[in-house]
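First comes the structure, then the notes that go with it.
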Amino acid sequence: MVKPATTKDDAHALFHSLRSAYSATPTNLKIIDLYVVFAVFTALIQVAYMAIVGSFPFNSFLSGVLSCVGTAVLAVCLRIQVNKENKEFKDLPPERAFADFVLCNLVLHLVIMNFLG
Amino acid sequence: MRYMIILSVADLIVKSNIANSQLFSSYLTSMLSKQHSGRRLFTVALTLSAGALTISRFRISSTADQIRKILFRSQFIEFDQLIEFGMAIKVGIVVVLLAVASICEAVAIFHPISESHLSAALELFSPVAGSFSSLEEAYEALRTFEVLGIEKKPDIKDDTCNSVVDTLSSMSSNSRDLYHALQVNGLLKCKTSKDALTGITSRLKDAVKDATSLLDYYHSIGGLLLIKDQSSEVDVLLKNADGILRSIKALSQSDGRWRYSANNPESSTYAAGLAFETLSGVIQLAASTIDENLIGTLKKDIVKLFDSIEKYDDGSYYFDDKHIDSSGHQGPLSATAAVVRGLTTFASTSESLNIPEDKILGLARFFLGIGVPGNSKDLYYQIDSLSHLENNRVSVPLILSIPATVLSLTSKDKFKVKVNTVLGSIAPPLSVKLMQVFSSGSKDGSVLKQELHFDPKEAIHMLDALPEGVDIGEYVFAFEIVLSDPEHKRKFATGGRTKVPVHVTGVVKVDDAKVAVLEGDIVESEKKLDLPGKNDLALSANHLQKLHLSFLLTTPFGKPFKPHQALLKLRHETGVEHIFVVENSGRHFETTLDFLGLVDKFFYLSGQYDIELTVGDAVMENSFLQPLGSIELDLPKAPEKATQPPPQAVNPYLRYGPKAEIAHIFRAPEKRPPQEVSFAFLGLVLVPFLAFLVGLLRLGVNLKNFPTSTIPAAFAILFHSGIAAVLLLYVLFWLKLDLFTTLKTLGLIGIFLMFVGHRTLSHLASASAKLKSA
């Protein structure tokens, strides 16, 4: 009698396959992913803080969350553009993408600092 | 009639509020018996009630309106309430006044010129800086002084004479200036040379020949006439008198007015007056006798002018110019003055001018009715016209004046009448008869024919005893003047029957006054009152009882008397007042306050009420406003929907006093979280950053791709430092900088950064491309 495959086993198997696939990604993409995770976590902590103490300086809360989310979004765009497997951006040199990333981040943070109050 | 309104209104206002009304009523009576013109009293009465009101002209448009205006201006709050409750009284007064108005139109008193005119003249004509501003004004002042008999000061005389001599000798003066200078010269008699006068005569004669407008004729003819009076040696006679008369007459109009010149269509009565003066001057200066027919037509023109005369209710006649003409003369006073001058000078040149005597008397009354005018020109017109009327050849008006129109029965005053000419001189021998006495409200008066006794020392006609049946009240006495010498009948204008309003005052007896508290119909407690003395009642009643007040009022002759005000006022301790009218039947006055019906009206307020009784009238010498004491009222509790008592008037001095201080309430600051929580989360936020760094290390980041050769390395370093600088700038921006400086600096750093970054990244790109190809 073969043991029926439980969902727990399936989850484990899925998780393992994902993990092994992920380790194949190039390092620079992993750095970008780490950066995105960092930004999202910071945003989540800010939201939790607001949930606890109330949203009194609402503009500050918004600017904080927006900076995290914005920079995460820009990092994702950078990852898309830098990824060599992405056929769409084959001709775009990665340094150019990085320069765009830096510029957009600087503009974003100017706006954030203004809105921070 | 105006007089009675004034009295009743002033009395109403005074009596309603002043506690010591007796003092004020006696003050008012003494004021009335002094020698004042009606206008002056009107001013005084209004001042008493509502502050200063200056009246320089005289007519009141409608009496009812005026009463209403006075009432609204009254500052006494009680008085307004009084009017609400005294509706019966108000209606009564109006009815009385209307009745009086319907009886007679000419019920007014005119006084001849008096001391007040002298003092006004001295005040109004005081020259500025020692001399008059123009010769015209100088003439007006000097003429007024001459008529009133005031001495001229010698220094003014010298100054004015200098001005006169200058004008007469100067070649540039036109006929107008010469005319005014000659007028002043006639009064001051300055030293002028015969040659100067001869020279002026020839200039004026030329001016007459060349004259086209009425004013040219007026000034030149007037000048020639004045020279004729001032110097007998100069020849001023006119050769072509007929022609001049005809050319002046050509300017006349069919309605009696005159035009100023042939091409100017505007005409006025003032011009007509000037024309007649000029015409009479021409007649006097004529070298040869003038055609009688021409003079006849001129007389007809004067009579035609008198068709446009207008009349006031009190018997004064006047001329009014409806259109303001170019010389700026306007108004009835200047027009009437001009016509009077023209008429009297024309009448002095020829006999038999057919003007009815009542019109001349009416004109005199018009000028006297002004009282004392407020400005110098009006005073001049008034005095000058009256002096012309004083001894004119048509008919001299005689004025019947009453020094005192209020008689007191208690002090047994005798009624006095004066008859004078307009300037106050003695009249010819005559007798005054009292023909009729009308009491207020009746059209028929008892017909007497009582002759007044003449006192030659004081030149006053006195009524020895008042006619029978003249009790206290308001009356109209009708007098007639009978001249002793029948010859004088043609010369003097007496005006038929003259009606004057008279007030007879006296002490009203208050008898048998008592206050009672009734239970049903049974008298519970009754107290006698001493009116108008002091009383101090202390009653008490509840809402089921009634308060009854009664007294008798009798006149000195024993007849029943109904005063203007018979009011009972109850005033609560909180200030709420209620006023009740005391009704009468004949002599007996009583009122019953049924508290059961008044509970709602009293706003269910129980407590102590002060009682006050007011009985007052213009002819009652002992009017009183007496507090009678107090009554303790016990009323039931107010039901849910009862009306609230009206809020009491705020003390006006408190209204503008300092108000309560307002403390600004600042916006409550938002609740901030405690500091520990904030710091905890600050640490918590840094945790992902640390995790990021740790993760980077775990991933094995390295700086292998960092360029090693010098220049690219320098650029790379500059690139990173540029980014760091921008981030530092942002931190500074958050901390203290403003957006503008930030943007400026950001722009500079950004340019630098773009250049540096471009170099670095292109170097890196080329390095990686080399690596790829290799």
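Each reported figure results from applying straightforward, stated rules to the coordinates on display, with no laboratory input. No experiment lies behind these values; they were computed from the predicted model shown. Cβ atoms come from the backbone with ideal geometry, glycine included; neighbour counts cover every protein chain shown.
Odds and ends about this structure:
- A Förster radius of 22 Å, combined with the Cβ-Cβ distance separating B:SER709 from B:HIS758, puts the computed FRET efficiency at roughly 0.80.
- Spin-label model distance (nm) - B:ASP242 vs B:GLN675, 7 Å beyond Cα toward Cβ: 12.6 nm
- With Cα atoms, 0 to 90° folded angle of helix A:7-22 axis to chain A main axis: 60 degrees
- Excluding exposed DSSP-loop trypsin sites (Lys or Arg not before Pro) (at most 14 other C-beta within 10 Å), longest clean stretch of chain A: A:1-83
- Rg/Rh (Cα only; Kirkwood hydrodynamic radius) as it applies to the stretch B:555-712: 1.76
- Ellipsoid fit via the Cα gyration tensor, the stretch B:521-604: semi-axes of 25, 15, 14 Å, each the root of five times an eigenvalue, largest first.
- Degrees, to the nearest 10: A:58-82 long Cα axis against longest axis of chain A: 50 degrees
- Rounded to the nearest 10 degrees, the inclination of helix A:27-53 to the longest alpha-carbon principal axis of chain A is 60 degrees.
- Global form of chain A, assessed from the alpha-carbon gyration tensor, a/c cut-off 1.5: oblate
- The share of alpha-carbon pairs in the protein assembly as shown lying farther apart than 39 Å comes to 66%.
- Peptide-level mean, for A:35-42, of C-beta atoms on other protein chains within 10 Å: 4
- The lysines whose alpha-carbon is closer than 27 Å to the alpha-carbon of B:LYS527, local same-chain residues fewer than 8 away aside, are B:LYS15, B:LYS509, B:LYS514, B:LYS546, B:LYS559, B:LYS562, B:LYS569, B:LYS601.
- Low-density loop cleavage sites - GluC sites (Glu not before Pro) in the stretch B:464-541, where at most 12 other Cβ are within 10 Å (DSSP): B:GLU468, B:GLU487
- Volume per residue for the stretch B:138-262 equals 118 cubic angstrom (convex hull of Cα atoms).
- Loop sites in the stretch B:546-634: trypsin sites (Lys or Arg not before Pro), DSSP, at most 15 other Cβ within 10 Å: B:LYS601
- For the pair B:ILE717 and B:ASP634, label points projected 7 Å from Cα toward Cβ lie 11.1 nm apart.
- Applying the criteria of a DSSP loop state and at most 15 other Cβ atoms within 10 Å to the trypsin sites (Lys or Arg not before Pro) of the stretch B:147-252 yields B:LYS152, B:LYS189, B:LYS191, B:LYS239.
- In the calculated pair-distance distribution of the stretch B:211-300, the portion above 21 angstrom amounts to 28 percent of the Cα-Cα pairs.
- Packing around the peptides B:690-700, B:256-266, taken as the average count of other Cβ atoms within 10 Å per residue, puts them in this order, highest first: B:256-266, B:690-700.
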